[in-house]
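Novice: Below: one structure in structure tokens.
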Amino acid sequence: MNKISSTNEFVIKFANVNGSGSASANQMFAKGVFRSGIPVSPKNIFPSNIQGLPTWFEIRVSAKGYLGRKAGIDFMVAMNPQSYNQDVAELNSGGYLLYDSSWKRDFNREDINIIEVPLTALCVEEFPNPKTRLLFKNLVYVGVLSNLMKINKNIFIELIHEQFQGKEKLIAPNIQALELGFAYAEKNLNDACDISVKEEDLTKGMILTNGNNAGGLGCVYGGATVCAWYPITPSTSLAESYKKYCDQFRVDEKTGKNKFAFVQAEDELSSIGMAIGANWNGARAFTATSGPGISLMTEFVGLAYFAEIPVVIFNIQRGGPSTGMPTRTQQSDILSCAYASHGDTKHVMLIPADPKECFEFAADSFDISDRLQTPVFVLSDLDIGMNDWTCPEFEWDDKRKFDRGKVLSKNDLDELDSWGRYLDIDGDGIPYRTLPGTHPEKGAYFTRGSSHDEYARYIEDGEINAKNLSRILKKFAGAYSYLPKPTYKQDTNASSKGLIYFGSTEAAMQESLDLLSSFGYPIDAMRIRSFPFGPEVWDFIDQHESVYIVEQNRDAQMRILIMAEGEINPLKLISILCFDGAPITAKFISESIIEHLDEQNISQTAEKIK
Amino acid sequence: MTYIIKPANHHPNLERNELGLTRRDYEGTISTLCAGCGHDSISAAVIEACYQLSLSSDQIAKLSGIGCSSKSPSYFLNQAHGFNSVHGRMPSVATGANLGNQDLLYMGVSGDGDTAGIGIGQFMHAARRQLNITYIVENNGTYGLTKGQFSATNDQGAKSKYGEENLFAPIDLPTMAIQLGAGFVGRSFSGDKDQLVPLLKAAMQFKGFSLIDIISPCVTFNNHVGSTKSYDHIREHNESVSSLDFVPIGEEIKASYKEGSKIDVPLHDGAIITLEKLSKKYNPLDKGKAIQGLNEAEKDGKVLTGLLYINPKVKDHAEILNIANTPLNQFKEADLCPGKSKLAQINASLN
């Protein structure tokens with residue numbers, strides 16, 4: 001029998017029943033490998049359901065640091081008879097299938113290695129309480145894997161201690177379950193598996209966390225004091241993370257009172273309304289949502305755009321359209337955010353690619369929004385938001401100050417003879433704002449979404465309105481200088497072909513480029529991190545004969561945006577699109593590009609022959 | 001509107017309040033509503049109430065939605081910041097503004113379309129959260145700016161200007177607000193300044209959600225025979241349940257009411273609302289009885305006005321959320337950002 005043999009490079013998948021407590025055991029396994037010094041990328045593939053449906057947890061282990069999703073499973077822990085057929089089919093030839101052999105099964109594949117562990121039987125024997133014994137099953141297979149893959153058992157024991165801090169009673173039985181599985185494998189499964197984990201030092205300076213945790217933390221660091229939100233997958237945990245860190249850092253020790261407000265609104269219209277109201281008053285405020293919430297918020301987004309009120313909106317994108325696939329990932333709200341709301345509107349977008357950038361962009365977004373007096377969207381997605389990523393540690397400079405932008409103080413107002421809320425004094429299109437309650441006689445004005453002149457007075461004069469709209473466009477045109485610049489995978493461009501990508505596609509990109517190179521197709525790659533685009537984007541497109549744009553949506557939304565904003569010839573921009581809701585893979589990207597290049601070569605050759 | 005130096009052409013002998021301000025100092029821009037519009041009388045009552053309370057306009061925020069009513073905050077308190085938000089969504093903007101700075105006095109101005117139609121959800125939740133706001137509904141039963149459609153507060157069977165009959169039962173905002181837990185609920189009539197001004201004063205000093213539903217006839221679209229929101233109809237069917245005085249802290253209670261009918265309601269800061277009950281049956285301190293009284297009056301075709309319900313013990317939204325006394329918009333980096341050393345601890349917990 002062929003056996004996959006690999007050290008520190010493999011994909012393991014857990015097939016479980018939703019609500020069976022498997023997620024924390026699977027996460028523990030991922031963390032065990034991470035603590036062994038090997039980068040991991042766990043992905044939770046879960047149904048929109050509380051209990052009973054199939055759920056999967058896929059972990060790619062890669063010493064090379066290839067952390068994009070990879071199709072084809074090397075090791076399957078099949079705990080759900082409901083999905084056996086599908087799970088077995090996904091295994092690579094020579095792969096391993098571990099299942100609960102308390103009920104024996106035949107699997108119709110000759111080319112895989114079956115590892116039988118009577119998990120239920122073991123638990124029934126070991127644990128008297130029928131209610132909890134099933135939960136321990138998960139820890140038993142972690143113990144089995146620890147033995148099979150030679151992962152230091154003590155790492156898991158340490159993790160159990162950490163996880164059950166405060167619930168000490170649970171520590172002993174969990175360790176017991178782990179030991180049970182470990183001992184069973186030791187006794188019965190010698191040489192059953194040639195996949196192993198060898199300790200390395202590759203995760204030094206790295207953390208394992210998800211983008212929503214990081215984003216919530218970034219809001220705390222960025223000085224947000226109001227979070228108004230409405231529960232929606234996959235954004236909910238961002239708001240909850242903000243609350244968690246506020247409870248830790250923002251409760252006044254003397255008074256016990258909160259230096260933050262956390263409001264679960266009645267819907268998304270209300271949550272963004274609250275965020276806008278707080279920002280109008282000079283308190284940094286944000287909301288977190290996903291596609292359907294964005295649709296509901298768009299009227300308010302237009303108000304904040306036109307009345308020039310800062311507000312930060314996190315969009316943790318999920319599969320659309322409509323309710324779509326709430327628990328799957330996509331990058332399909334690029335256009336609905338870039339041009340959200342009726343009338344001529346355009347919005348700043350920050351597009352993080354991993355949890356570290358979620359932290360940084362969250363903190364930056366408040367400075368940018370205050371500086372530009374306009375809504376800022378932070379466009380993450382389910383893959384970054386809800387999955388743990390191996391990424392560099394968070395960093396912070398204590399000298400950093402909040403950039404509150406052009407806000408007039410009482411003294412500033414005292415020194416001014418006249419002031420207009422929407423006057424472009426500095427020539428950058430950004431006017432000066434005042435906050436309610438600043439000055440007894442000066443600076444009061446009427447904020448409105450109806451057309452207004454430079455002094456915020458209601459007008460119906462088309463020329464004045466057009467002038468105002470042009471000024472806002474000027475402000476937008478200069479916005480890129482405050483935004484994160486693109487990053488590149490090469491120091492200098494070396495190919496006639498370019499590739500543009502963004503967001504969570506980062507995880508699969510280095511592997512894609514390496515694959516392409518190995519097939520003789522070196523390609524230059526640039527990652528867009530914000531909108532509006534700066535000159536770097538146009539230069540990169542200029543410098544290449546043709547440019548692939550890799551996106552996780554159907555309609556090539558980033559390509560449309562680039563074409564529209566840069567008046568780029570559509571023939572120059574070739575789409576690589578993945579929109580099945582699973583994180584994009586390096587295999588998909590490289591194969592799609594090679595296929596295109598081959599077709600192009602054939603047609604060029606045909607042209608020559610003619 | 002952006003500030004302009006106000007012309008100093010007041011009559012030299014204009015009466016001045018404690019701040020040395022005249023009523024003119026509380027005015028806004030010139031109204032663009034129809035001549036005779038009830039809303040303008042309400043603006044005048046707001047000016048009078050703020051003048052009498054000697055409030056600093058700059059410490060007031062005026063927020064509104066969309067509609068004729070929502071235009072009216074431009075017509076009072078020029079030195080107060082205003083926010084004309086989107087249709088029906090003023091409550092959420094006011095909630096956020098209040099979270100950002102609890103020290104300002106929030107005045108929400110809305111209409112029956114803005115509140116009972118498109119914005120009923122936000123209205124209900126603001127009341128339920130006990131947002132600290134004086135929420136004025138300028139209620140004329142009609143959509144004026146779009147030329148006279150029925151609103152959700154219009155009575156069943158009432159006739160439009162064009163003779164069309166309203167088929168649906170009305171939403172009674174005070175009844176709903178009491179049900180939802182609003183701490184202060186009143187109703188008045190734009191034509192009854194004597195009742196409206198003390199009611200506004202009391203509402204503005206109340207900490208919590210205070211609704212004043214003000215019947216404010218639309219002279220252009222809903223002031224005809226067959227309308228139940230016309231000047232004539234309201235004058236005929238108005239029944240006041242109470243007469244009240246708002247007495248700021250330290251002032252002597254001057255109103256003398258009949259023995260046995262007087263109630264003093266102390267507010268959170270020590271100010272007192274003195275109330276004369278005009279109806280034996282009606283009790284504004286009892287939620288169940290207040291709702292019962294409103295239901296019975298509705299059956300009799302009467303419009304109850306005055307202070308309909310008050311619960312001086314409510315906690316407002318910011319208090320419920322345990323928010324610091326310092327307004328959130330005043331905190332700086334040192335208060336808000338945990339810094340590098342804490343981040344190192346967080347990093348350590350994630351590896």
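Novice: How many residues are more than 7 Å from chain B (Cβ to nearest Cβ) and crowded, with 19+ Cβ neighbours inside 10 Å when one looks only at the range A:443-452?
Specialist: So the count comes out to 1.
Novice: So, in the range B:107-128, exactly how many residues are more than 7 Å from chain A (Cβ to nearest Cβ) and surrounded by fewer than 24 Cβ atoms within 10 Å (Cβ to Cβ)? Break it down into steps so the answer makes sense when it comes.
Specialist: The initial filter retains those residues of the range B:107-128 that are more than 7 Å from chain A (Cβ to nearest Cβ), namely B:107-120, B:123-124, B:126-128.
Okay, now just the ones that are also surrounded by fewer than 24 Cβ atoms within 10 Å (Cβ to Cβ), so B:117-118, B:120, B:124, B:128.
Count: 5.
Novice: Can you tell me which residues in the range A:268-293 are more than 7 Å from every other protein chain (Cβ to nearest Cβ) and either of a type in the set (D, E, K, R) or surrounded by 24 or more Cβ atoms within 10 Å (Cβ to Cβ) (or both)? Give the derivation first.
Specialist: If we filter the range A:268-293 for residues that are more than 7 Å from every other protein chain (Cβ to nearest Cβ), which is where we start, we get A:268, A:271-272, A:279, A:284, A:286-293.
Correct list: A:E268, A:S271, A:I272, A:N279, A:R284, A:F286, A:T287, A:A288, A:T289, A:S290, A:G291, A:G293.
Novice: Considering each residue of the range B:29-54, count those that are out of contact with any Asp or Glu (no Cβ under 9 Å at 6 or more places or on another chain), at pLDDT 95 or above and closer than 25 Å to A:Y455 by Cβ, and give that number.
Specialist: Number of matching residues: 3.
Novice: Among the listed residues B:G288, B:G339, B:G301, B:G293, identify the single one that is at positive phi and either modelled with pLDDT under 95 or within 26 Å of the chain's Cα centre (by Cα) (or both).
Specialist: Values: B:G288 fails: at positive phi; B:G339 fails: either modelled with pLDDT under 95 or within 26 Å of the chain's Cα centre (by Cα) (or both); B:G293 fails: at positive phi.
Of B:G288, B:G339, B:G301, B:G293, the one residue that is at positive phi and either modelled with pLDDT under 95 or within 26 Å of the chain's Cα centre (by Cα) (or both) is B:G301.
Novice: Confirm whether A:S365 is in contact (Cβ under 8 Å) with a residue 12 or more places away in the chain, farther than 30 Å from A:P39 by Cα and among the polar types (S, T, N, Q). Even if it seems obvious, please write down each step before you answer.
Specialist: Working: in contact (Cβ under 8 Å) with a residue 12 or more places away in the chain: yes; farther than 30 Å from A:P39 by Cα: no; among the polar types (S, T, N, Q): yes.
Here the answer is no, as A:S365 does not meet what is asked.
Novice: Right, something else. Given the condition within 31 Å of the chain's Cα centre (by Cα) and among the hydrophobic types (A, V, I, L, M, F, W, C), answer yes or no: does some residue in the range A:182-196 qualify?
Specialist: The initial filter retains those residues of the range A:182-196 that are within 31 Å of the chain's Cα centre (by Cα), namely A:195-196.
Filter once more, so that each one left must be among the hydrophobic types (A, V, I, L, M, F, W, C): A:195.
Among the residues of the range A:182-196, at least one is within 31 Å of the chain's Cα centre (by Cα) and among the hydrophobic types (A, V, I, L, M, F, W, C), which makes the answer yes.
Novice: Of all residues in the range A:305-329 being farther than 18 Å from A:D403 by Cβ and within 14 Å of chain B (Cβ to nearest Cβ), which is surrounded by the most Cβ atoms within 10 Å (Cβ to Cβ)?
Specialist: My answer is A:I313.
Novice: Here's a follow-up. For the range A:69-126, which residues satisfy the criterion of being polar (S, T, N, Q) and exposed (fewer than 15 other Cβ atoms within 10 Å of the Cβ)?
Specialist: So in the range A:69-126, the residues polar (S, T, N, Q) come out as A:80, A:82-83, A:85-86, A:92-93, A:101-102, A:108, A:113, A:120.
The answer is A:Q82, A:N85, A:Q86, A:S93, A:N108.
Novice: For the range B:292-351, what are the residues that are within 14 Å of another protein chain (Cβ to nearest Cβ), under 24 Å from B:L99 (Cα atoms) and of a type in the set (D, E, K, R)?
Specialist: Within the range B:292-351, B:K315, B:D316, B:E319, B:K332, B:E333, B:D335 meet the criteria.
Novice: Suppose we filter A:F10, A:F75, A:F57 for residues that are more than 22 Å from A:S504 (Cα to Cα), aromatic (F, W, Y) and modelled with pLDDT of 95 or more; which single one remains? Full working, then the answer.
Specialist: Working: A:F10 fails: more than 22 Å from A:S504 (Cα to Cα); A:F57 fails: more than 22 Å from A:S504 (Cα to Cα).
Every option except A:F75 fails the conditions.
Novice: The conditions are (1) outside any helix (DSSP H, G or I); (2) buried (at least 18 other Cβ atoms within 10 Å of the Cβ); (3) of a type outside the set (D, E); (4) touching a Leu at 6+ places or on another chain (Cβ under 8 Å), and A:T55 fails exactly one of them. Which is it?
Specialist: Result: A:T55 passes all but (4).
Novice: Out of the residues in the range A:360-393 that are within 11 Å of chain B (Cβ to nearest Cβ) and out of contact with any Asp or Glu (no Cβ under 8 Å at 6 or more places or on another chain), state the one that is nearest to A:N213 (Cα to Cα). Can you show your working first?
Specialist: Filtering the range A:360-393 for residues within 11 Å of chain B (Cβ to nearest Cβ) gives A:363, A:366, A:388-393.
Now restrict to residues that are out of contact with any Asp or Glu (no Cβ under 8 Å at 6 or more places or on another chain): A:363, A:366, A:388, A:390, A:392-393.
Details: A:A363: 13, A:F366: 17, A:D388: 9, A:T390: 13, A:P392: 14, A:E393: 13 Å.
Checking each candidate, the answer is A:D388.
Novice: Residues in the range A:482-497: is at least one closer than 24 Å to A:P39 by Cα and part of a helix (DSSP H, G or I)? Can you show your working first?
Specialist: In the first step, residues of the range A:482-497 are kept if they are closer than 24 Å to A:P39 by Cα; the result is A:487-490.
Now narrow it down to the ones that are part of a helix (DSSP H, G or I): none.
No, the range A:482-497 contains no residue that is closer than 24 Å to A:P39 by Cα and part of a helix (DSSP H, G or I).
Novice: Would you confirm whether or not the range A:225-241 contains a residue that is at the interface with chain B (Cβ under 7 Å from one of its Cβ atoms), touching a Lys or Arg at 6+ places or on another chain (Cβ under 9 Å) and surrounded by 20 or more Cβ atoms within 10 Å (Cβ to Cβ)? Lay out the reasoning, then the answer.
Specialist: Residues of the range A:225-241 that are at the interface with chain B (Cβ under 7 Å from one of its Cβ atoms), as a first pass: A:225-226, A:228.
With the extra rule that they be touching a Lys or Arg at 6+ places or on another chain (Cβ under 9 Å), the set shrinks to A:225-226.
Next cut, surrounded by 20 or more Cβ atoms within 10 Å (Cβ to Cβ) only: A:225-226.
Yes, there is a match, as at least one residue in the range A:225-241 is at the interface with chain B (Cβ under 7 Å from one of its Cβ atoms), touching a Lys or Arg at 6+ places or on another chain (Cβ under 9 Å) and surrounded by 20 or more Cβ atoms within 10 Å (Cβ to Cβ).
Novice: Can you tell me which residues in the range A:112-149 are in contact (Cβ under 8 Å) with a residue 40 or more places away in the chain, in contact with a Gly (Cβ under 9 Å, 6 or more places away or on another chain) and not in a helix (DSSP H, G or I)?
Specialist: Within the range A:112-149, A:N113, A:V117 meet the criteria.
Novice: Take the residues in the range A:246-263 that are out of contact with any strand residue (DSSP E or B) (no Cβ under 8 Å at 6 or more places or on another chain) and closer than 17 Å to A:G218 by Cβ; name whichever of them is farthest from the other protein chains (Cβ to nearest Cβ).
Specialist: First, pick out the residues of the range A:246-263 that are out of contact with any strand residue (DSSP E or B) (no Cβ under 8 Å at 6 or more places or on another chain): A:247-249, A:253-256.
Imposing the further condition that a residue be closer than 17 Å to A:G218 by Cβ reduces the set to A:247-249.
Details: A:D247: 11, A:Q248: 8, A:F249: 4 Å.
Taking the candidates together, the pick is A:D247.
Residue-wise test of (1) under 22 Å from A:F579 (Cα atoms); (2) among the hydrophobic types (A, V, I, L, M, F, W, C).
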site	(1), (2)
A:I500	yes, yes
A:L516	yes, yes
A:G520	no, no
A:M526	yes, yes
A:P532	no, no
A:F540	no, yes
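Novice: Go through the range B:62-80 and report how many residues are closer than 21 Å to B:G20 by Cα and within 8 Å of chain A (Cβ to nearest Cβ).
Specialist: Residues meeting the conditions: 3.
Novice: Mind listing whichever residues of the range B:152-169 are in contact with a strand residue (DSSP E or B) (Cβ under 6 Å, 6 or more places away or on another chain) and either closer than 19 Å to B:I212 by Cα or assigned to a helix (DSSP H, G or I) (or both)?
Specialist: Result: B:T153, single match.
Novice: Of (1) of a type outside the set (D, E, K, R); (2) over 23 Å from B:D103 (Cα atoms); (3) crowded, with 18+ Cβ neighbours inside 10 Å; (4) within 14 Å of another protein chain (Cβ to nearest Cβ), B:C37 satisfies all except one. Which?
Specialist: (4)
Novice: So, one more: Out of A:E395, A:E441, A:E463, report the one residue that is acidic (D, E) and assigned to a helix (DSSP H, G or I). Give the steps one after another, and end with the answer.
Specialist: On the way: A:E395 fails: assigned to a helix (DSSP H, G or I); A:E441 fails: assigned to a helix (DSSP H, G or I).
Result of the check over A:E395, A:E441, A:E463: A:E463.
Novice: Which members of the range B:319-335 meet the condition of being surrounded by 22 or more Cβ atoms within 10 Å (Cβ to Cβ) and within 16 Å of B:A94 (Cβ to Cβ)? Even if it seems obvious, please write down each step before you answer.
Specialist: First, pick out the residues of the range B:319-335 that are surrounded by 22 or more Cβ atoms within 10 Å (Cβ to Cβ): B:323-324, B:328-329.
Listed by number, the residues that qualify are B:I323, B:L328, B:N329.
Novice: Now for a separate question. From the list A:F519, A:F502, which residue is surrounded by fewer than 21 Cβ atoms within 10 Å (Cβ to Cβ) and either among the aromatic types (F, W, Y) or within 18 Å of the chain's Cα centre (by Cα) (or both)? Break it down stepwise before answering.
Specialist: On the way: A:F502 fails: surrounded by fewer than 21 Cβ atoms within 10 Å (Cβ to Cβ).
Sole residue among the options that is surrounded by fewer than 21 Cβ atoms within 10 Å (Cβ to Cβ) and either among the aromatic types (F, W, Y) or within 18 Å of the chain's Cα centre (by Cα) (or both): A:F519.
The values are calculated or read from the model by the stated rules, or taken from the named source; none is laboratory data. Computed from a prediction, not measured in an experiment: that's the story for all the values here. With ideal geometry, Cβ positions are generated from the backbone for all residues, glycine too; neighbour counts draw on all protein chains shown.
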